[in-house]
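Asks: Pasting in a structure now, in structure tokens, and then I'll have a few things to ask.
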Amino acid sequence: MYEVLMFDGGVYRITELYELVEDIGGFVIQKTQIQVMITVTIAIPAEDRPVIEAKTRELGGKLVEVPLAGTEIAVVGPTLGRHHMPHPICDIAEHLRRYGAITVVMGLARGKGRQTAQISADEKAFIEEFDAAVFVLGNFADCILKDKVRLFEKIEIPVAVVCGPEIASVPNCEALVCGIGRKVERMRRAEEIAKLEEAARAVQSVVERRRGEIDEDPLFVHPAEVKQRIEGLELVQESLRPAPIVLHLDGLRVKVPYEQVREQLCGVDVYGRRLCDIATISPSRLGGSTMIHILTKAQVASRDSKAGI
Amino acid sequence: MNIVVEGSEEYGTEVYAELFERILIDLGLTNRVEGAKLLIYPEKHLFIVSVRMRQARLTVMVPEVADLSEKDGGTFMAIRNESYAPALLALLWKLFGRERIEQLSRLEILAHGIPPSRLEDLALNPGEELRKDVLDAIWRLLPEGFKVRHNLFAEGVMTIISTEHEMQEEFMAMGRQLHQDMVNGLDLEAGARNGGDGEEEEDV
């Protein structure tokens, strides 16, 4: 079982940390260097955490828990209009990033109004590429319960709903956080920050439930291991987009066009097999990206038995 | 400034009173709006906003706010009432362009090549500007999907009735009643104030 942590410290002797992570069978998920300071997100075997803690103390850094690291979350608002953006959607997205998630903020094309609010099949398919989605709604229970619930029904990924009024339950979602409605200013006050924490914890619980489901039928290989193998590809290294490889719970998003990178990805060696034999590789709806969904051990075994291996 | 909200949901009404206050603060209108009343019935798809503004200044002629004198074939203006300076400068820029209007100091303007006779008849109307600003605040507040709107204007009071689908007679009646109450000085806090009269209607 891997544990994801973030090292926050200086660049001095940082290669020692990289080597130690590699020695214990862990992975570096992301590095962000700002001048002489660096944050490194790592996935390590849980039992080796004391070793990493000791090295962190030696290097003068600190270890931060990032329970959402290795996930990509969509934060969805009804529209991009100023009635819904940027507050509090961006505040929630920013708070999720503090928990280690990569977040994408999006507004629906026709999500405004009550009965006129709708979500297209394309938008649903786009949202389903993420590990979880947070729908940020408004201040009226009647509007949310009668009309807005349609926006997130039949979405195949876990959905958390954030809304203003105190509602006991909302259908079609796995988590509900009340007390954050429409706002026209940043959420700075103590009680508002507490609400952001509550939203982040709700998303964390949703993600952990999903992780638990994946553990019941484990993936053939951890996405971080695949990342390690493909980040050396020339096309990936040439990508100028921030975080060219984004980890998901059950795969990865590679920010290189599918047509260009498909062959190279397919040929990547993973424990003696080609990547396309243990994962499905498909174009992403996020322009110029490629999705890799890693198959479970059971699925790979089933394929092997069909092929007579 | 006092904002009164009536509606069918307690949480929503409380939040919208705060939202409107924040919007007015953002736009710098708190001291120009006397009070507002909102009727919010989400189950009927109805949202009515009525705003009573403080008495807007009346239309004034340029010679009433500035001394005009001829200088080098143009006009030198010495502003007497500073509160009109931004409106006067904006009007002159709009009519004659920035290259011909030079602001020498905080209260002095030089209009190149424009004789005083052309400026004496110009009028400033700060009330129109206030109406636009308040309308902007209301549009920021109204739910995005409530696009069917009917406006009621009177001197000092502005009421917007909005809904998502077709406008119903019931909504119009509620809006007209609220508008009339506001015009007649509906008590938004202790001590009622008198509004204006002379109603005009406009469909959006």
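The values are calculated or read from the model by the stated rules, or taken from the named source; none is laboratory data. The shown structure was predicted, so the numbers you read here are calculated from the model rather than taken from an experiment. Quick reminder, even Gly has a Cβ in these numbers, built from the backbone with ideal geometry, and neighbours come from all protein chains shown.
Asks: Only one of (1) more than 14 Å from chain B (Cβ to nearest Cβ); (2) closer than 30 Å to residue A:41 by Cβ; (3) out of contact with any Ser or Thr (no Cβ under 7 Å at 6 or more places or on another chain) is not met by residue A:87, so which one is it?
Replies: (1)
Asks: What are the pairs with Cβ atoms under 7 angstrom where one residue, in segment A:194-216, is within 14 Å of residue A:74 (Cα to Cα) and the other, located anywhere, is at pLDDT 90 or above and in a helix (DSSP H, G or I)? Sequence gap at least six, or different chains.
Replies: Listed by first residue and then by second, the contacts come to A:199/A:92; A:199/A:95; A:200/A:95; A:200/A:96; A:203/A:96.
Asks: Also, I was wondering about something else. Please go through segment B:21-35 and give me each residue that is touching a helix residue (DSSP H, G or I) at 6+ places or on another chain (Cβ under 9 Å) and assigned to a loop (DSSP other than H, G, I, E, B), ordered by number.
Replies: B:27, B:28, B:29, B:30, B:32
Asks: Hey, can you tell me all the residues within segment A:256-272 that are in a loop (DSSP other than H, G, I, E, B) and either crowded, with 21+ Cβ neighbours inside 10 Å or among the aromatic types (Phe, Trp, Tyr) (or both)?
Replies: Passing the criteria: A:256, A:271.
Asks: Further question on the same structure: Mind checking which residues of segment A:152-167 are under 26 Å from residue A:214 (Cβ atoms) and among the aliphatic types (A, V, I, L, M)?
Replies: A:155, A:157, A:159, A:160, A:161, A:162
Asks: Considering only residues of segment B:157-175 that are touching a Ser or Thr at 6+ places or on another chain (Cβ under 8 Å) and either assigned to a helix (DSSP H, G or I) or basic (Lys, Arg) (or both), which is nearest to the other protein chains (Cβ to nearest Cβ)?
Replies: Restricting to residues being touching a Ser or Thr at 6+ places or on another chain (Cβ under 8 Å) and either assigned to a helix (DSSP H, G or I) or basic (Lys, Arg) (or both), the top hit is B:171.
Asks: What do you reckon, is residue B:110 more than 15 Å from residue B:64 (Cα to Cα), in contact with a strand residue (DSSP E or B) (Cβ under 8 Å, 6 or more places away or on another chain) and assigned to a helix (DSSP H, G or I)?
Replies: Criteria not met by residue B:110.
Asks: Is there a residue in segment A:43-54 that is in a helix (DSSP H, G or I), closer than 21 Å to residue A:214 by Cα and not assigned by TED's automatic domain parsing to the domain that holds residue A:204?
Replies: Yes, segment A:43-54 contains a residue that is in a helix (DSSP H, G or I), closer than 21 Å to residue A:214 by Cα and not assigned by TED's automatic domain parsing to the domain that holds residue A:204.
Asks: Something else about it: Under 8 Å between Cβ atoms, at least 6 apart or on separate chains: pull out the pairs that start in segment A:12-26 with a residue that is over 17 Å from residue A:47 (Cα atoms) and end on any residue that is in a helix (DSSP H, G or I).
Replies: A:12/A:59; A:13/A:59; A:14/A:59; A:16/A:55; A:16/A:59
Asks: Now for a different question. What number of residues within segment B:41-63 are over 26 Å from residue B:124 (Cβ atoms) and either in a strand (DSSP E or B) or at pLDDT 95 or above (or both)?
Replies: 6
Asks: May I ask you to list the residues in segment A:91-115 that are more than 15 Å from residue A:66 (Cβ to Cβ), of a type in the set (A, V, I, L, M, F, W, C) and more than 14 Å from chain B (Cβ to nearest Cβ)?
Replies: Within segment A:91-115, A:92, A:93, A:104, A:105, A:106 meet the criteria.
Asks: Residue A:105: crowded, with 20+ Cβ neighbours inside 10 Å, at pLDDT 90 or above and not assigned by TED's automatic domain parsing to the domain that holds residue A:8, yes or no?
Replies: When the stated conditions are applied, residue A:105 does not pass them.
Asks: Which residues, counting only those in segment B:150-179, are buried (at least 17 other Cβ atoms within 10 Å of the Cβ) and closer than 21 Å to residue B:128 by Cα?
Replies: Hits for segment B:150-179 are B:150, B:151, B:152, B:153, B:154, B:156, B:157, B:158, B:159, B:160, B:161, B:179.
Asks: Could you list, in sequence order, the residues of segment B:5-20 that are facing chain A (nearest Cβ under 10 Å) and assigned to a helix (DSSP H, G or I)?
Replies: B:10, B:11, B:12, B:13, B:14, B:15, B:16, B:18, B:19, B:20, listed by residue number.
Asks: Here's another thing I want to ask about it. Taking the stated definitions as given, is residue B:38 closer than 29 Å to residue B:183 by Cβ, outside any helix (DSSP H, G or I) and either more than 23 Å from the chain's Cα centre (by Cα) or within 14 Å of another protein chain (Cβ to nearest Cβ) (or both)?
Replies: yes
Asks: Select the helices (runs of 4 or more DSSP H) contained entirely in segment A:116-226, then report the ones holding at least 3 residues which are away from chain B (no Cβ under 14 Å), touching a helix residue (DSSP H, G or I) at 6+ places or on another chain (Cβ under 9 Å) and aliphatic (A, V, I, L, M).
Replies: Passing ranges, in order: A:190-216.
Asks: I'm checking my understanding of the structure. Among residues of segment B:148-174 that are out of contact with any Lys or Arg (no Cβ under 9 Å at 6 or more places or on another chain) and under 12 Å from residue B:51 (Cα atoms), which one is modelled with the highest pLDDT?
Replies: Going through the qualifying residues, I end up with B:151.
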